[in-house]
1. Just checking, does segment 64-73 include any residue being modelled with pLDDT of 75 or more, surrounded by 11 or more Cβ atoms within 10 Å (Cβ to Cβ) and part of a helix (DSSP H, G or I)?
2. Can you list residue pairs whose Cβ atoms sit under 7 Å apart, with the first residue in segment 145-165 being exposed (fewer than 10 other Cβ atoms within 10 Å of the Cβ) and the second being in a helix (DSSP H, G or I) and of a type in the set (Ser, Thr, Tyr)? Count only pairs 6 or more apart in sequence or on different chains.
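The values are calculated or read from the model by the stated rules, or taken from the named source; none is laboratory data. Keep in mind that what you see is a predicted model, and the values were worked out from it rather than measured. Note that we place each Cβ from the backbone using ideal geometry, even for glycine, and neighbour counts take in every protein chain shown.
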Amino acid sequence: GGGGGGGGGKGGLPSNYELELALRAQLNDKAHKLQKDMFLGKMGVPQAKAAVAKMQPKETKAQRAKDAERRQEYAMEAKLRGELNEGVKQALAAEDKADRKLQKEGVAAAPKRATDMQALGKDETGLQHSGEKFGRKAEGGNAKPLTENEVEERLREQLDARVAQKERKGEVQ
């Protein structure tokens, strides 16, 4: 076959695609010639097979070994990735389960904890506070709930105190 003309703008260099096409055409030509020769009985099947094998790029023993090794590596990697994913999944599931258990226990323990804290004169954060501020009155060491009126009274006192404080600072007009 005649050589194709080089591309104009590319400085005459054929692209990979063009090279591939040319190569393919060449191989096809050879294959057609082989078929024709076989058809015309010029060549026996074994010869044709040998010729085709010659046309194919040789796969060396080393190449085959390398391919096998690579396949093994891929398989190993896939297996490891699978195990890792499974491990992560299990860890997440376990974490989730633990979280749910904690939540359940936490929900059950919350009211008890709150009363323990109040009895100790501490708020939920565990900080010490005056029993009265949290609607409790200490009498003989026992924390007794205040009546609603008493609570309101205390709150009003606190509010008044706060307003008075701000007035002193000149924040309230």
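1. The answer is yes; a qualifying residue exists.
2. Correct list of pairs: empty, since none qualify.
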